Each structure stands twice: as structure tokens, then as C-alpha cells.
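I have placed the structure first, in the form of C-alpha cells, so that the comments after it can refer back to it.
The values are calculated or read from the model by the stated rules, or taken from the named source; none is laboratory data. Bear in mind the structure is a predicted one, so any value in this text is a computation, not a measurement. Every residue, glycine among them, receives a Cβ derived from its backbone with ideal geometry; neighbour counts consider all protein chains shown.
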């Protein structure tokens with residue numbers, strides 16, 4: 001629910017409903033919601049009990065055609081959160097997540113085909129714990145990034161719209177180490193944002209930019225000095241605007257726009273609810289600020 005959803009926020013619907021009685025149980029589904037004008041990606045959560053912390057995202061909630069559900073068994077496995085982008089050509093959602101295979105995670109991918117979800121593809125395999133993928137889709141290419149939890153290495157894989165997945169590329173040759181990356185394409189260039197420990201108890205924000213001759217050039221564009229277990233920096237490119245947002249603290253989110261060939265001074269907004277749905281809501285709020293007149 002952010003510009004990262006490739007700028008088509010109206011195609012994403014989110015709902016959270018809390019019951020007033022009953023034991024705590026969280027249910028949330030990721031599903032398609034076809035309509036006469038297209039298809040929306042629906043992330044709907046129901047919280048039963050007094051403490052609404054909606055972190056489970058893969059358990060069916062609605063009584064609808066099973067083909068509309070994506071990964072309905074994910075809650076039982078303990079799969080990671082989804083990340084999605086709306087295809088600017090078809091208007092259909094593409095989704096990635098970390099699939100829990102019992103010993104580690106592999107990066108899983110699917111997209112809506114017009115009639116149902118593509119059978120899940122695995123972009124990685126092996127013994128490394130690959131987590132926190134993010135996806136971006138432009139008119140020509142699909143981009144997916146993730147990191148290895150043990151080594152703090154960041155990887156990128158791309159696929160031409162009508163082609164096959166390319167060989168994964170180690171972005172960390174430039175970043176050295178990094179965590180929780182995100183990716184966009186901007187003016188023919190690939191940008192990968194990540195966070196890393198600064199060696200002094202804080203975090204720094206890194207941007208790696210693809211180079212014409214190959215590889216990436218990396219710069220530090222910001223830092224958070226206070227202790228913060230994760231920033232979750234997310235890049236957004238939409239309608240001629242480029243910005244990123246992140247967790248500044250337990251009480252604030254921050255964002256920075258790229259204007260006049262430089263990242264602007266961060267702006268903070270309040271945020272106090274550490275749940276997935278509320279996190280997505282604050283990113284949508286930031287998107288509204290970026291596009292405000």
C-alpha cells in the first residue's frame with residue numbers, strides 16, 4: 001500500500017477488522033479481487049481479541065473461489081511477508097515472499113495471470129537463508145532483491161517481460177554488506193537501497209546504482225544514530241517522482257525525495273504501531289505527502 005506498488009495504489013485494498021471478544025487469533029489473506037475494470041491485490045486481515053497485531057498474512061479469510069488465494073498454506077509454514085508490484089502494462093499484481101522450507105527460506109514468486117495465480121516459482125534454492133524480498137516492475141523488466149541472513153549479502157535477479165529469469169547478481173560486491181534491500185528502476189538505471197550497521201550502534205542507509213560498464217557504485221545517503229533493530233528502507237519510483245522511506249525510530253517514520261540530482265533532507269512523520277498493516281498505511285501517508293501540491 002505504497003508508491004512501491006508501482007504507483008497504482010487504487011488497485012490495492014487493505015482492511016483490518018477487530019472483534020471485541022474471543023481469544024487472540026490473527027488471520028490475513030493475500031488474494032486477487034477481480035472486478036469489471038481489472039483486478040486488485042487484496043490484503044485483508046481479521047483480528048479476534050484485544051491485542052491487534054496482524055502479522056500473519058497467508059491464511060484465507062473470505063469464502064471465495066480458492067483460485068483467488070495466493071499461497072493459502074503460508075501461515076502454516078511460517079512464510080515471510082509479501083511484497084508486491086502492479087504491472088504497468090497489464091495492471092496485474094506480481095508478488096514475492098520468503099518461503100519457509102523448514103530449514104531456511106527460499107525466494108518465491110507468483111503473478112496474477114488473468115484467471116488465477118501462476119504456480120509458485122522459486123528464484124533461489126540451496127541452504128542459504130534468503131529473506132525479505134522486494135519487487136519492482138516497469139514496462140520492460142521485473143526486478144527482485146533479497147538478502148542472505150547469515151552473510152548480509154544482497155542479491156538481485158531480473159526477468160525481461162517476455163523472457164526467462166537471468167542469473168542472480170551479487171549487488172553486495174558494491175554494498176559489501178547490507179540488509180533488507182529494495183529496488184527500483186529510474187531513468188534506465190537500477191537503484192538498490194539497503195541498511196547496514198555503522199559500527200557505532202546505529203544504522204546507515206546505502207544506495208547502490210548500476211553502472212554502464214557493469215557493477216554498482218554505492219554511496220551512504222543517511223544514517224540513524226539511535227539504536228534501531230531495522231530501518232526497512234523502501235525505494236519508490238512513480239509518475240516522475242523518486243523517494244524512499246524508512247523506520248526512523250519507534251515513534252517516527254522518515255522519507256527523503258530525490259530532486260535536482262540529490263537526496264533531500266529527511267522529513268519525519270509520527271508512527272507508533274509496529275504491525276504490518278500500519279506500516280503499509282504510513283508508507284501510503286508518505287506517498288500522499290510526496291504528491292501533495
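Of note:
- When we screen 137, 192 for residues that are within 18 Å of residue 95 (Cβ to Cβ) and either at pLDDT 95 or above or under 16 Å from the mean Cα position of the chain (by Cα) (or both), the only hit is 137.
- Wholly within the range 207-286, strands (runs of 3 or more DSSP E) carrying at least 2 residues that are buried (at least 17 other Cβ atoms within 10 Å of the Cβ): 216-224, 234-238, 241-247, 252-259
- Positions within the range 64-88 being under 17 Å from residue 34 (Cα atoms) and either buried (at least 18 other Cβ atoms within 10 Å of the Cβ) or touching a helix residue (DSSP H, G or I) at 6+ places or on another chain (Cβ under 9 Å) (or both), in sequence order: 68, 69, 70, 84, 85, 86, 87
- Here residue 120 fulfils each of the conditions (1) under 21 Å from residue 208 (Cα atoms); (2) in contact (Cβ under 8 Å) with a residue 24 or more places away in the chain; (3) touching a strand residue (DSSP E or B) at 6+ places or on another chain (Cβ under 9 Å) apart from (1).
- Complete set of residues in the range 141-159 that are surrounded by fewer than 16 Cβ atoms within 10 Å (Cβ to Cβ) and farther than 17 Å from residue 210 by Cα: 150, 151
Residues are listed down the side, and each one gets a yes or a no for (1) within 16 Å of residue 96 (Cα to Cα); (2) assigned to a helix (DSSP H, G or I); (3) modelled with pLDDT of 90 or more; (4) out of contact with any strand residue (DSSP E or B) (no Cβ under 9 Å at 6 or more places or on another chain):
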{"site": "50", "(1), (2), (3), (4)": "no, no, no, no"}
{"site": "57", "(1), (2), (3), (4)": "yes, no, no, no"}
{"site": "67", "(1), (2), (3), (4)": "no, yes, yes, no"}
{"site": "72", "(1), (2), (3), (4)": "yes, no, yes, no"}
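- Matching residues in the range 266-286 - criterion: being touching a helix residue (DSSP H, G or I) at 6+ places or on another chain (Cβ under 7 Å) and under 21 Å from residue 43 (Cβ atoms): 271, 284
- Summed over the range 89-101, the residues that are out of contact with any helix residue (DSSP H, G or I) (no Cβ under 9 Å at 6 or more places or on another chain) and in a strand (DSSP E or B) give a count of 4.
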